[in-house]
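Scroll down for the structure; my scribbles are underneath it.
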Amino acid sequence: MNANRRQTAVAVVAVVLVGVLYFCIRPAPVEADSGFRLAMGTFARVVCAAPDANAAETCIKAALAEIHKVDGLMSDYKDDSEISIVNREAFGRAVAVSRPTFEVLRRAVEFSRLSGGAFDITIGPLVDLWRAAGEANRPPTEAELLAARGRVGSDKLILDANNLSVRFLVEKMRLDLGGIAKGYAIDRAAEAMIENGATGGMVDIGGDIRCFGSPAAGRDHWRIGLQDPKYARDEIGPGKPLLVLKLKNTAVATSGGYRRFALVEGKRHSHIIDTRTGQSSERLTSVTIIAPDAVTADALATAVSVLGAEKGLELVEKLPQTEAILIPSDEVETLVKTAGAEAYIK
Ligand code: AMP
Ligand code: MG
């Protein structure tokens with residue numbers, strides 16, 4: 001071996017040794033957990049893995065701040081939110097909104113088109129009608145349904161991308177972002193953690209979840225319990241899990257009549273409504289969607305609840321890296337899945 005070759009060999013060995021040494025002595029990531037906090041009308045929890053405790057705490061704070069910011073912009077329970085202002089004023093004039101709100105509206109309309117109108121954030125008047133029906137314990141009349149349906153439809157919503165403004169074509173329309181805003185808040189919270197140095201994390205808002213990287217506890221994947229509707233008691237934790245999903249860099253959202261409903265004359269009516277009939281959607285007890293981001297998972301879970309098993313699976317099978325696990329209302333012991341869903345089940 002000549003001198004040059006010997007030098008090269010020594011250098012290679014040195015580089016490898018330094019690499020091995022770094023791998024052995026680098027500090028293990030630390031995990032921080034926010035616990036369950038009230039947010040967006042439900043419970044939110046953020047878990048973060050980061051190189052040290054300070055970084056992990058910073059990430060948790062940044063993630064929670066993003067969730068509260070999205071809630072402040074998009075909640076229809078808050079009178080001063082951008083969506084409440086739009087709902088009060090967008091028939092009379094074009095209402096300017098922030099970029100995040102406009103982005104959610106734009107994506108919501110995309111999901112409306114993708115689902116043939118099954119997903120529709122202009123559903124507000126029908127949601128109100130069914131909420132009132134629950135309170136009065138009397139189903140809505142045909143005339144009330146007809147009037148509300150006349151105020152629903154994404155074709156009556158004008159989004160101006162140049163001015164970031166929103167306008168209604170019909171009086172008394174109402175936007176309801178309940179089927180997509182949690183997903184958006186989850187995505188923003190996960191991004192905030194990554195920007196602040198997280199090596200892994202999980203954001204859970206009301207059981208809709210996105211995770212990235214690895215948990216700190218030496219595991220490679222995040223394990224997410226899917227609630228069994230038969231044993232669902234509250235919105236915290238998986239209750240009695242029906243199955244456990246093994247996820248990495250993925251989002252998952254579950255919609256279902258078992259979670260929130262109006263009781264009218266002893267009959268449960270899901271909080272998810274079919275825009276085409278004005279009636280609540282009852283065919284699926286539980287719809288779980290796995291997708292690359294939480295907005296997609298959240299919106300599709302609501303859309304597939306309306307579409308039903310056959311059309312819903314047909315839609316999800318067409319989308320890349322997106323899977324569905326459904327429980328039909330008339331066969332609660334049966335799981336209906338897309339072809340790729342099995343790979344995520346532990
Ligand atoms: P999720 O729990 O994500 O399925 O969202 C359900 C919420 O979305 C409901 O409580 C309503 O606020 C809203 N919603 C109901 N029906 C629809 C629909 N067809 N399209 C979009 N949002 C809906
Ligand atoms: Mg949803």
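The values are calculated or read from the model by the stated rules, or taken from the named source; none is laboratory data. Predicted, not measured: the structure shown is a model, and the values here were computed from it. A quick note on method: Cβ atoms are made from the backbone with ideal geometry, for glycine too, and the neighbour counts reach across all protein chains shown. Side chains are part of the model used for accessible areas, which takes the heavy atoms of the whole protein and leaves out ligands, DNA and RNA. Shrake-Rupley method; radii C 1.70, N 1.55, O 1.52, S 1.80 Å.
For the range 98-118, the condition holds for no residue, the condition being that it is over 24 Å from the mean Cα position of the chain (by Cα), not hydroxyl-bearing (Ser, Thr, Tyr) and not in a helix (DSSP H, G or I).
Residues that are over 15 Å from ALA185 (Cβ atoms), assigned to a helix (DSSP H, G or I) and acidic (Asp, Glu) within the range 45-77 comprise just one, GLU57. Of all residues in the range 246-295, how many are in a loop (DSSP other than H, G, I, E, B) and of a type in the set (A, V, I, L, M)? Result for the range 246-295: 1. Among the residues of the range 168-203, those that are open to solvent by 10 Å² or more (accessible area, probe 1.4 Å), touching a Cys at 6+ places or on another chain (Cβ under 6 Å) and under 10 Å from CYS59 (Cα atoms) comprise ASN196, ALA198. Does ILE209 satisfy the criteria of being modelled with pLDDT of 95 or more and either assigned to a loop (DSSP other than H, G, I, E, B) or within 16 Å of ligand 2 (Cβ to nearest atom) (or both)? For ILE209, the condition - modelled with pLDDT of 95 or more and either assigned to a loop (DSSP other than H, G, I, E, B) or within 16 Å of ligand 2 (Cβ to nearest atom) (or both) - is met.
You will find that of ALA343, ALA253, ALA291, the residue that is small (Gly, Ala, Ser) and without any contact (Cβ under 8 Å) to a residue 40 or more places away in the chain is ALA343 and no other. Cβ-Cβ contacts under 7 Å between residues 6 or more apart (or on different chains), taken from a first residue in the range 155-169 that is at positive phi to a second residue that is charged (D, E, K, R) and loosely packed, with under 13 Cβ neighbours inside 10 Å, are listed as LEU164/ARG99. Which of the residues that make up the range 294-337 are over 21 Å from GLY117 (Cα atoms) and buried (at least 21 other Cβ atoms within 10 Å of the Cβ)? Residues satisfying the conditions are ILE325, ILE327. Could you check the range 289-322 and list, in sequence order, the residues that are within 16 Å of ligand 2 (Cβ to nearest atom) and of a type in the set (Asp, Glu)? Selection gives ASP293, ASP298.
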